[in-house]
Amino acid sequence: MIPANRTFAPLRAFVDELARCGVQHAVTSPGSRNAPILLTLADEERIRSLSVLDERSAGFLALGAAKATRRPVIVTCTSGTAAANLLPAVIEAHEARVPLIVLTADRPPELRDVGAGQAIDQVKLYGTAAKWFVEVGNHEPGRATAIHYRSLACRAYFTAAGGRPGAVHLNLPLREPLAPVEERVDPGIWAGRPDGRPWVEHREPPREPGAAIVGKLAGEAAGRARGVLVCGSTAEDLAAPAARLAAATGWPLLADPTSGVRCGRHDRSHVIAHYDALLRSERFAGAHRPDIVFRLGDTPTSKPLRAWLERSPQVVIDPHSTWHEPTRAAPTIVAADATLTCTALADELERVQAAPDRAWATSWRAADGVVADALAAAPDPFEPKVYAALAPALPDHATLWLSSSMPVRDVETFFPQTATPLRFLSNRGANGIDGVVSSAAGAGATGGPCYLLIGELALLHDLGGLLASRRQGVELTIVCVNNGGGGIFDFLPVADSAAREAYEEHIATPSGVDLARVAAMADIPHTTATSPAEVCEAAARPGLVEVRTDRAESVALHRRVFAQVREALGDA
C-alpha cells in the first residue's frame, strides 16, 4: 500500500470505486503530473495496468481491450499534448460505441495560461467525441471529498458503459505532492461501503420490444416470404437468436464477420457469407430483391450491399437508436435490444406456426457456394484466398482483428462460415487505419490467441503498437499483406485518372521498408509466405507473417473472381 497524502488519498478512493464497479484493465503512459494516478492504479490489485510509452498507442490499446471485454477500460496520461494524442481513440470510441474512461492529469488553475510547461486548455478537449466531461477540481481532504470522488467514479463507469457506450473524460488538476510521501491523513474518512459494493450502482432495464412492436414485426415477417436478415457489427450476442429467427422466417441471414453470426457452433443453415460478391451480379441482385429487410447491428462495410439496401424496405433494430443508417432509406427504426427482439419474434412466429418459403433461402445458399468455388480456383498468392484458408486452421475462440482498408473488405467478402467459434473485431467506427496494431494488442492483452490481418501501410502507421505489444508480452500473430502501397486506392477511379507518378508518391505511397527489419526491431519472428498452406503453417506461432503480392495483379484477380461469379450466376 502506497503512503497516503492529500493527493493520493482521493485518487485511492476513486480507483477503489472503479474496481468495485467492474474495471479490470487500465492503460497508462509515463509522466510526472499523472504520477499519482499511475502509482495508484499500479497499486490496485483488482486492475491490471498496462504501460504504453506513447499516448496515441495507449488510447488504441485501451480501445482494443474495451472492445474485447465489453466493459470500460481506463486510459490515463499526463498534461499537455499527451492528452491531445488520445483524441483519435476517443473519436473511435464514440463512433464505435466503446466504453472508455479517460483520466487526464492537468496543471491546477493557477498554473494554466501563464506560460507554465505542459499546460494547454484541456477543458472539453475532446469536444462532442466525449460522452461526458467533468473538471474534477481540487478539494480539501474530508468525508465530503471522499464521497465526491467515490460517486464520481461510479458515474464515470456507468456513464461510459450505459445507454450508448462511449468515452467519458475526467480532467484531474493535481497539485503537489505528486510523489507518494506520507502525510497525516485519517483513513476512516476515505472508506467505501463495507460490503465491497460500489458507492452507487446504476441499473438499466433491458431494452425489450413492446408487445405491439413484436406483433407488428411478426405480422410483417409472416406475410413476406422473401425477407432477409442482415447482421452487422454489434456488441450483442446475436448468433443463436438471429439463427433461430432465420429458421422461423426461412430468410437468408447475411452475416458480417464482426456480427459474431458467421462463425460458431450455432445453427448456420441460413447464414450467407459471400453476399458482397453475390450482389455484384446485377442478375442475382435483381432477382433476389427482398420484400423486407430486418437489419441488426451496424451497417456492414460492403458497398454492393449498401447499394442493394437503398432499394429495399428496411427495419433497423438498434438498442441505442443511434441512426446508424447510411442508406437513409429505412422507414422504421426500432429502439430495442436485438437479441431480445429476435427471440420475441421467433417465439411469436413459432407460436402461429408460420410456414416459410424454403426455396428462397435455398437459392441464396446455392449461390453462396459459387463464390467459394471461384475463390478456390484463383492462383496464389491472393490475399482473400489466404484469409479464407485460415478458417479451418485457427483455434477455438481466437480473436481476429481486421485492419481497415482491404483486409476488412476481403474478409467480409470471402471468409467462409465455419463451425469454429471465432471473434472478429475491427476499428470501423471512424473507418481509419489509425492505431490498428495497438488495438489488436489491447484485445490480445485480455487473453486468448489473437491474430491481426493487416496491410503494410497500416502496420507501419502504428509501429508503436508493436512496441506496446512486446512490453505487455502479448503473443500476437500478424498476417501482413505487403503489396507495395495502399492497395485499396487501386480499386478507385483516382488510380486510372491521376498522373501515375503523382498517384504513386502521394496516394499509393509505397514505403520500401523491409518488414524483416521491422520484426527484428520488435523482437518478433518474421516469416514470408506465398501460399495459403504456408501462411497457415507460419501463423501457428506468434510473429509477423509477410505475404508479398503485387498490387496490380491483386486488382486483376479480384475482378476476375467477381467476373467468374457473375458469369456463373447468369450475367451476360
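Placing unit charges on the Cβ atoms of the charged side chains and taking the dipole of the range 206-263 about its Cα centre, the candidate lying farthest along the positive direction among Leu238, Ala221, Cys263 is Ala221. Distance between the C-alpha centres of the range 125-189 and the range 23-91: 15 Å, rounded to the whole angstrom.
Listed values for the range 391-399 are Karplus-derived 3J(HN,Hα) couplings in whole Hz (6.51 cos²θ - 1.76 cosθ + 1.60, θ = phi - 60°), namely 3, x, 9, 8, x, 4, 6, 5, 9, and x replaces Gly and Pro. Sequence-distant contacts, meaning Cα pairs under 8 Å at least 6 residues apart, place the relative contact order of the range 217-296 at 38 percent.
For Ser426, nonlocal amide neighbours, meaning residues 5 or more places apart or on other chains whose placed amide H falls under 5 Å from its own, are Leu402. For Arg548, what residues show an amide H to amide H distance below 5 Å, using hydrogens built from the backbone and excluding near sequence neighbours? The list, which skips near neighbours in sequence, is Asn482, Ala529. Helices meeting the span-like rule in the chain (full DSSP H runs, Cα extent of at least 24 Å along the helix axis, mean Kyte-Doolittle score of -1.0 or higher): 143-161, 358-376, 551-568.
Could you give the length gained by full extension between Ser497 and Val123, i.e. 0.36 nm per residue of separation minus their alpha carbon distance, to one decimal place? Working shown, then result.
Working: separation 374, 0.36 × 374 = 134.64 nm, distance 4.50 nm.
Between Ser497 and Val123, full extension yields an extra 130.1 nm.
Quarter the surface of the alpha carbon convex hull of the range 141-285 and you get the mean projected area, 15.8 square nanometres.
How much net charge surrounds Ile2 when only the other residues with a Cβ under 11 Å from the Cβ of Ile2 are counted, with Lys and Arg +1 and Asp and Glu -1? Walk me through the numbers on the way to the answer.
Details: positive: Arg12; negative: Asp43, Glu44, Glu182.
The answer is -2.
Our note on the geometry: Cα centres of the range 384-414 and the range 199-213, 35 Å apart.
Working note: Cα gyration tensor of the chain, eigenvalues times five, square-rooted, sorted largest first, giving semi-axes of 44, 30, 19 Å. The range 211-362 gives an Rg/Rh value of 0.92, both radii derived from C-alpha positions and Rh following Kirkwood. Farthest towards the positive end of the charge dipole of the chain, among the residues Tyr149, Leu345, Gly543, is the Cα of Leu345, using unit charges on the Cβ of Lys, Arg, Asp and Glu.
Annotation for Asp373 and Asn431: the two label points, set 7 Å from Cα along the Cα-Cβ direction, are 3.4 nm apart. Between the amide H of Arg48 and those of His25, Ala26, distances stay under 5 Å, these residues lying 5 or more places away or on another chain, with hydrogens modeled in the peptide plane. Computed over the alpha-carbon pairs of the range 8-190, the distance histogram in 10 Å steps reads 10, 41, 38, 10, 0 percent, short to long. Assuming R0 = 22 Å, what is the FRET efficiency of Asp550 and Arg517, from their Cβ-Cβ distance, to the nearest 0.05? Approximately 0.55, to the nearest 0.05. Partner lysines whose Cα lies under 21 Å from the Cα of Lys67, excluding those fewer than 8 positions away in the same chain, are identified as Lys131. The charge dipole of the chain, taken about its Cα centre with unit charges on the Cβ of Lys, Arg, Asp and Glu (plus for the first two, minus for the last two), comes to roughly 1120 debye. Note on the range 211-362: with charges restricted to the Cβ of Lys and Arg (+1) and Asp and Glu (-1), its dipole about the Cα centre is near 520 debye.
So if I average 1/r over every pair of distinct C-alpha atoms in the range 377-568 and take the inverse, what Kirkwood radius in Å does that give? Kirkwood radius, the range 377-568: 16.9 Å.
Rule-based calculations on the coordinates, nothing more; no lab input. Quantities reported herein were computed from a predicted structural model and do not represent experimental measurements. Using ideal geometry, Cβ is built from the backbone for each residue, glycine included, and neighbour counts are taken over all protein chains shown.
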